[in-house]
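Just below is one structure, and these are the notes that go with it.
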Amino acid sequence: MRQQYQNFIFFIVLATAFAACEPVEYGETGDPFSKIEGIEGAWIATEVIQVDETALAQGGMYTEQDLTELFNFSSYTITFNIDADTMPSTFTVITGGAPSFIDTTGTWSFNDNNFPTEVLFSHPDSSLFTSKMRLITPPRDQNPLHMKFQRFSGGKLIVSYQYTFEKQNQ
C-alpha cells in the first residue's frame, strides 16, 4: 500500500512538472541598440578612481583612490563624433588641467561595432590606435558611461583608472 502511495505522489509531481513546461511567448525586442549612436556626443567625467591592481591582486587593504577632485577631473570632457554614415569619426578631449592618457584629438573606433569592449584612440597622423580604454558598461544615451584605462609594466597590469562619465546636454 505504501509503495502505491509513493508511486501516486511521484506521478502527481511528474504530471505537474510536465504541465508547467509550456513555451513562454515573448514580445518583439526591436532593433538592436546602436552602440556608436549611444556614445556619440560630449561626456564629462564625474568620477575617476585609481586602482592599484598589484595590491588588489595580493589582497591589499588600500587599493583605490578617488582622483576626481585631486586632479580636477570634474572638468575632463571627451567628445565622440560620428560621420554621416553613423560610423566612428573624430574625438576631442578637454582636460581642464587633469592628466590625460589619450591624445587630445584624433580618431576613435570600437574593437567591435556591435559588441564593443574597447574604445580605440588614434593620433590624427596615424591609422594605428595609440591608446585604448575598456568599456565597463555599454554606451547608452541615458546611462553613465564607465570606462577603464589600464597601465601595464612588463606585460603585467599594475594600475587602472576607472572613469565615470555623464552625457552633457546637446
Rank A45, A98, A57 by mean-square fluctuation in a GNM of the chain with C-alpha springs under 10 angstrom and give only the top-ranked residue. A57
Region 53-134: GluC sites (Glu not before Pro) in DSSP loop, at most 11 other beta carbons within 10 Å: E69
Between Q58 and F101, what FRET efficiency follows from the Cβ-Cβ distance if R0 is 22 Å, with the result rounded to 0.05? 0.35
Residue separation times 0.36 nm, minus the C-alpha to C-alpha distance between I158 and V13: what's the value? 46.7 nm
By per-residue mean of other Cβ atoms within 10 Å, what is the highest-first order of 131-138, 152-159? 131-138, 152-159
Across the chain, how large is the tail of the calculated P(r) beyond 27 Å, expressed as a percent of all Cα pairs? 42 percent
Please check which bits of region 99-127 a label hung off R151 would reach, taking the label as a point 7 Å along Cα-to-C-beta and the cut-off as backbone N under 15 Å. 99-102
Where does region 100-146 land on the Kirkwood hydrodynamic radius, alpha-carbon pairs, in angstrom? 11.4 Å
Given the DSSP H assignment, sum -39500 (n - 2.57) over each helix run of at least 4 residues in the chain and divide by its residue total; what's the result at 222 nm in deg cm²/dmol, nearest 500? -5000 deg cm²/dmol
Could you tell me which of rounded, prolate or oblate describes region 85-170, using a ≥ b ≥ c as the square roots of the eigenvalues of the alpha-carbon gyration tensor, with rounded for a/c under 1.5 and, failing that, prolate when a/b is larger than b/c and oblate otherwise? rounded
Among F115, F91, S126, the residue whose Cα sits farthest towards the positive end of the charge dipole of region 66-170, when +1 is placed on the Cβ of each Lys and Arg and -1 on the Cβ of each Asp and Glu, is F115
Under a Cβ-only charge scheme (Lys and Arg +1, Asp and Glu -1), can you give me the dipole magnitude of the chain about the Cα centre, in debye to the nearest 20? 640 debye
Relative to the longest principal axis of the chain, what angle (0 to 90°, nearest 10) does the C-alpha long axis of helix 2-20 take? 40 degrees
Net lengthening on full extension, N81/E37 (0.36 nm per residue, minus Cα-Cα): 14.9 nm
Per-residue HN-Hα couplings for region 56-72, Karplus 6.51 cos²θ - 1.76 cosθ + 1.60 at θ = phi - 60°, whole Hz, x for Gly and Pro? 4, 5, 8, x, x, 7, 10, 10, 10, 9, 7, 9, 3, 8, 4, 10, 6
Which of the listed residues, I44, I78, Q65, is farthest toward the dipole's positive end in region 31-85, when Lys, Arg count +1 and Asp, Glu count -1 at the beta-carbon? Q65
Residue list for region 127-148, given a label point 7 angstrom along the Cα-to-Cβ vector of S89 and an amide N cut-off under 19 Å: 127, 141
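Bear in mind these aren't lab numbers, they're just calculated from the coordinates by the rules spelled out. All of these numbers come straight from a predicted model, not from anything done at the bench. Virtual Cβ from ideal backbone geometry, glycine too; neighbours counted across all protein chains shown.
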